[in-house]
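What follows is a short report on a single structure.
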Ligand code: MG
């Protein structure tokens, strides 16, 4: 039976020699410079983010003082009212309102409050909505102890996606939405390159996570896309209930090139 190599004279030479080589090599591999993975440019722009005011790079759409950023869907000045508490309130049956400016990819913050006096059931209770690009609705509804179809309750992407949880506060209480919205991309031939995507927080709670929308919001029928402009005005819904709004601001987002190209 042959003797194991390690016990031979040659073996006693080879193994220490291999170890002498291998150890420094492995040590070298572990000692890659931390600087190799540091990125120093481009430097993110400096903004201020105060606790009780919009960030400095936001476009303020309503701060309690003016309706100048808003227009009636019927064209003309905004028919809604500013209340004594400096909230913007739906004037029931006056029609939806939309922003003067058009937006594509955005971060949107808004606060809303349904009437403290509870009237109606289901979809008739504290109904409004925020329509990204005037087309894609994140539902506003009094969903505190108020049963309706789940893809039509508060924080649903109306008729497309129920919220992950119901984070509703009682009627008459201020609530917040923070929304990340990416507009759909269309190819030159009109096909959808990338659908609209929405992430939303209701009162700070994640309720929609990167949901790919099936098309513009429809009350009846299956949604489907039609080519539209890359930027369109934001819209708030008059559903006949005196819902109030405050602290509405938006930040325009720029997607990295690689991200923008992938669906
Ligand atoms: Mg609605």
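Each value in this text was obtained by applying a stated rule to the coordinates, not by laboratory testing. No experiment lies behind these values; they were computed from the predicted model shown. Backbone-built Cβ (ideal geometry, glycine too); neighbour counts: all protein chains shown.
Computed from the C-beta positions of residue 224 and residue 151 and an R0 of 25 Å, the FRET efficiency is 0.90 to the nearest 0.05.
Given R₀ = 25 Å, FRET efficiency for residue 60-residue 210 by Cβ-Cβ distance, to 0.05? Given R0 = 25 Å and the Cβ-Cβ separation, E is 0.40. Along its first, second and third principal axes, ordered by size, region 169-219 spans 47, 23, 12 Å in Cα coordinates. Label-to-label distance for residue 83 and residue 253 is 3.0 nm, based on points extended 7 Å past Cα in the beta-carbon direction.
Take the Cα of residue 100, step 7 Å along the line toward its Cβ, and report every residue of region 56-74 whose backbone nitrogen sits under 16 Å from that point. Zone members listed by number: 59-73. Estimated from helical segments only, the mean residue ellipticity of the chain at 222 nm is -3500 deg cm²/dmol, where each DSSP H run of four or more residues counts as -39500 (n - 2.57).
Cβ crowding within 10 Å, taken as a proxy for footprinting-reagent exposure, orders 80, 249, 174, 40 from fewest neighbours to most as 40, 174, 249, 80. Per-residue packing, averaged as other Cβ atoms within 10 Å, sorts the ranges 93-106, 142-155 into the order 142-155, 93-106, beginning with the highest. Using a ≥ b ≥ c from the Cα gyration tensor of region 120-170 (square roots of the eigenvalues), is it rounded, prolate or oblate, where a/c under 1.5 gives rounded and otherwise the larger of a/b and b/c decides, a/b for prolate? It comes out prolate by the Cα gyration axes. Normalising the Debye intensity of region 59-261 to I(0), with uniform scatterers on Cα atoms only, and taking log10 at q = 0.16 Å⁻¹ returns -1.03.
The label-point distance for residue 75 and residue 124, in a model that sets each label 7 Å from Cα toward Cβ, rounds to 3.5 nm.
With only the Cα atoms considered, region 57-138 has a convex hull volume of 119 Å³ per residue.
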